[in-house]
């Protein structure tokens, strides 16, 4: 993934790229009994730069304890994935669904440890949100600029053998936090779309 130094990325350009996306690609293989889940990739502009909202999960949750993630979770019975992403964002960080303009559905991912098939939805906000983290699920809610994620030295890739197949594993090193796993894969797709275009399917 190329780096962009401190080049600001405005929300208008993010919107153009996301609104031009076609239907999301879906994983070719899933873990047995994989459950549908969704996350919300929340984006807003401040000082001419697009920022993305992230959370650090509490250490008491049943899965992905203490990890940096997007707000989200499993769908409920009869609930579509888009509605699940918005509901979970409201439950986890107090983000009012009516304030979110969902503009794209990114490629779906299959997670190994938690056995989810995950649908990421990109939502735009008119301004910085006032977030209220749910202490039972979220230790911290914060945001970073897309330009920061693209700085040299923040991103790196490793090759891991997962169930007998070598796959890329992505990492973003932030101040005090490391983003990896499904969250890093979603960020990788978003940033690649904004800088060079589409992402090879085997990278997700």
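The values are calculated or read from the model by the stated rules, or taken from the named source; none is laboratory data. Just so you know, these numbers come straight off a predicted model, no measurement behind them. A quick note on method: Cβ atoms are made from the backbone with ideal geometry, for glycine too, and the neighbour counts reach across all protein chains shown.
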Margin query: The conditions are (1) over 20 Å from residue 24 (Cα atoms); (2) over 12 Å from the mean Cα position of the chain (by Cα); (3) surrounded by 12 or more Cβ atoms within 10 Å (Cβ to Cβ), and residue 180 fails exactly one of them. Which is it?
Written below: (2)
Item checked: Count of residues meeting criterion [at pLDDT below 95, surrounded by fewer than 22 Cβ atoms within 10 Å (Cβ to Cβ) and either in a strand (DSSP E or B) or touching a strand residue (DSSP E or B) at 6+ places or on another chain (Cβ under 6 Å) (or both)] in the stretch 25-59 -> 8
Notebook entry, point to check: Which one of the conditions (1) part of a strand (DSSP E or B); (2) out of contact with any strand residue (DSSP E or B) (no Cβ under 6 Å at 6 or more places or on another chain) does residue 76 fail to meet, given that it meets all the rest?
Noted result: (1)
Note to self: Tell me yes or no: at least one residue of the stretch 94-113 is within 20 Å of residue 180 (Cβ to Cβ), touching a strand residue (DSSP E or B) at 6+ places or on another chain (Cβ under 6 Å) and at pLDDT 95 or above.
What the structure shows: yes
